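To start, the structure under review is shown below, and the notes come after it.
The values are calculated or read from the model by the stated rules, or taken from the named source; none is laboratory data. Only a predicted model underlies this, so the values are computations on that prediction, with no experimental measurement involved. Cβ: placed from backbone, ideal geometry, glycine included. Neighbour counts: every protein chain shown. For accessibility, only protein heavy atoms count, side chains too; no ligands or nucleic acids. Shrake-Rupley method; radii C 1.70, N 1.55, O 1.52, S 1.80 Å.
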Amino acid sequence: MFKLLAVLALISASVAHRFAGKEWKQTYKPKTPYVYKSVTWEEAHEYEECPEFEHDNYEEPEKGEIVDGVEAENGMHHFLSRHNPKLIEDCCARRNYTQVVNGVEQVVSREMCPDLVREDSGFCGFETITIPAANWIVIDVEKDDVETFQVRETYKKMYYEYRKPKGVRWMLPVLVKWQLNEDRERVSGQIAMYVPPENQSNPPKPDSDLIRIEEWGAKKVYVRPYGGYRHDKEFRRQWELLRTALDNAGLSYKDNEEWEAGYSYLRYGRQRNEAMFVDSASEA
């Protein structure tokens, strides 16, 4: 059990950097050689881009290309600039965990993502996802994090106040839900993580008042994947484009909330973040 918790702690501590500042980008140096995998725009998106979004076009840098003289500590210079998002199947590939079962150490393969149903929306500019009904770990975003949008300190509290002492491993995506005022400014928020399947039917009860387990109904959401980092100006623009695409499609969504989904580790490799709106008919 100690070894399992140690493995979970090591992985969880590294994932805390998902919400760190931009100085953490591409700083991790893997022990084994990194295998570069090219990804096209079409492979990374489940929709066609809207013709009027030409101003959002970009070209992915070549492998090892240095853009604007900025170099990465781990040599992955090409991932410092905007690039095609990491494939969802690579983000959600099963991973091995070591645990002790009946006194015997075993390696167990675990899924990294819940069963999200992705489909072509039938419109340009976004794809549709159905999130199944399930239990989620939720924590309110700290005031300072609301002002900076980094949410690092809040995520660390989720780890140290709940996941580490309860031995709950991490799952993808990590969701951030922002509430907006009438001027579309972010005024409050929550971080949420899917309770892993092995804990889903009976989630450990939080000891901290900061953490709560919420049972969410199924949700239909509309997303635009982004290959880059959550503090990028281009990422913030994705909600504007998504609003335009949804309005053009005549779809109703919760305009007073902006959601983001994080699938990647900012210190290493290709990135995937998603700008998201929830369909108006979905439960709160």
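General observations
- Take the Cα of residue 214, step 7 Å toward its Cβ, do the same at residue 96, and the gap between the two points is 3.7 nm.
- For the cross-link pairs 63/220; 143/164; 157/205; 86/219; 29/205, the ones whose C-alpha atoms lie over 26 Å apart are 63/220; 29/205.
- Protein accessible area in the chain, 1.4 Å probe - carbon and sulfur %: 48
- Overall Cα dimensions of region 199-240, principal axis frame, Å, largest first: 39, 24, 16
- At an R0 of 35 angstrom, the distance between the Cβ atoms of residue 113 and residue 181 translates into a FRET efficiency of 0.65.
- Residue among 160, 150, 175 farthest towards the positive dipole end of region 57-202, charges placed on Cβ: 160
- Given +1 at the Cβ of Lys and Arg, -1 at the Cβ of Asp and Glu and no other charges, the dipole of the chain around its Cα centre is 1600 debye to the nearest 20.
- Length added when fully stretched, residue 207-residue 244, from 0.36 nm per residue minus Cα-Cα: 9.0 nm
- Zero-based 10 Å bins, Cα pair distances in the chain, whole percents: 6, 28, 36, 23, 6, 1, 0
- The ellipsoid equivalent to the alpha-carbon distribution of region 66-161 has semi-axes of 29, 23, 22 angstrom, derived from the gyration tensor eigenvalues as √(5λ) and listed largest first.
- Over region 47-107: Kirkwood hydrodynamic radius from C-alpha pairwise inverse distances, Å: 15.6
- Note on region 125-213: Rg/Rh from Cα positions, Kirkwood definition for Rh, rounded to two decimals, is 1.00.
- Relative contact order (percent, whole number), the chain, Cα cutoff 8 Å, 6+ residue spacing: 23
- Note: relative contact order over region 160-204, using C-alpha pairs below 8 Å and six or more positions apart, is 36 percent.
- Here the scattering of region 168-284 is modelled by Debye summation over its C-alpha atoms, one equal scatterer each and no solvent; at q = 0.11 Å⁻¹ the log10 of I(q)/I(0) is -0.42.
- Residue 160-residue 52 FRET efficiency (beta carbon distance; Förster radius 51 Å; 0.05 resolution): 0.65
- Region 193-284: GluC sites (Glu not before Pro) in DSSP coil with no more than 11 other Cβ atoms inside 10 Å: 283
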